[in-house]
Structure formats: C-alpha cells, structure tokens
Amino acid sequence: MGETGFTAEERAALKERARETRGARRGAGKADAEKEVLAKIAEMEDGDRALAERVHALVTGAAPQLAPKLWYGMPAYARDGKVVCFFQCSAKFKARYSTLGFNDAARLDDGAMWPTAFALTADLTPEDEALVSELVRRAAG
C-alpha cells in the first residue's frame with residue numbers, strides 16, 4: 001500500500017471511475033457504453049479476455065434489460081443506473097482468478113445470507129454457464 005493507503009491498482013481503478021463518471025455526465029448513450037465495455041474486454045490478456053467475452057454474452061443474453069457500462073474500469077451491467085453485476089479480470093488486481101460479482105441492486109436475496117461473488121477460471125462448463133445465466137436472470141429481477 002502506498003502513502004494514500006491504496007495500491008497502485010486501486011488508485012488506477014479510482015481514476016478510471018472518475019473518467020467514467022465524467023463520461024456519464026456528458027450523456028454517453030447505451031450503444032457508446034457497450035462499445036466502451038467491449039473495448040475494455042478487448043484490452044484484456046488472452047485468458048481474461050476469453051472469459052470476459054463469454055460472461056458478456058451470458059449476461060446480455062440472460063438479462064438484455066441490463067445496460068452494459070464500465071465501472072471502475074470493469075465490465076458491468078446496470079439497471080436504472082445501478083450496477084447489478086460486474087466482471088473483474090484476474091489481472092486487474094493480480095488475483096489468481098477472475099470474479100463475477102453482484103452488488104446490492106442484485107435481487108439474489110436468499111434468507112439471511114447468500115453469495116455475492118464467484119471465482120471464475122478459464123474454462124466455464126455448460127453447467128457453469130447455466131448457473132451464471134440463472135444468477136443473472138434472478139439478479140436482474
């Protein structure tokens with residue numbers, strides 16, 4: 001951690017978020033936002049890129065009402081401007097796996113406790129893909 005208490009990766013994510021917020025205030029449309037998401041995915045390393053492309057296809061197929069957008073430099077999918085779910089590539093914070101995460105706007109409530117993030121590795125099985133699609137459908141409400 002640096003003097004500010006944030007790692008270099010965290011500071012970079014905060015700067016990306018500031019740019020995203022400025023772009024949103026300028027009125028970037030849904031088509032522009034999706035182009036930005038696809039461009040960010042295209043910049044990823046091979047394994048992360050393939051996984052992000054698959055997650056993007058699963059999310060947009062399962063919940064077309066969610067709007068793709070960048071969120072802290074990550075592909076994310078929002079309802080009414082609030083991020084429901086996001087993909088964080090492993091390289092972003094030097095993790096050993098990528099993450100599919102769900103924010104509080106996701107409608108996944110299940111009793112007093114439920115998972116909000118899932119580790120993803122390179123190859124999703126058909127069963128994994130079905131689970132991602134079902135989670136996204138539920139989260140989108």
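Read-outs throughout are calculated quantities, based only on the coordinates presented, and are distinct from any laboratory measurement. Here the structure is a predicted model, which is why all the values come from computation and not from measurement.
Computed values, structure above
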{"item": "GNM top mover of PRO64, PRO75, PRO126 - the chain, alpha-carbon springs below 10 Å", "result": "PRO126"}
{"item": "Calculated P(r) of the chain - Cα pairs past 25 Å, %", "result": "25"}
{"item": "Among beta bridges that DSSP assigns inside the stretch 8-140, antiparallel share in %, nearest 5", "result": "100"}
{"item": "In the stretch 8-140, lysine pairs closer than 23 Å at Cα, eight or more apart or cross-chain", "result": "21"}
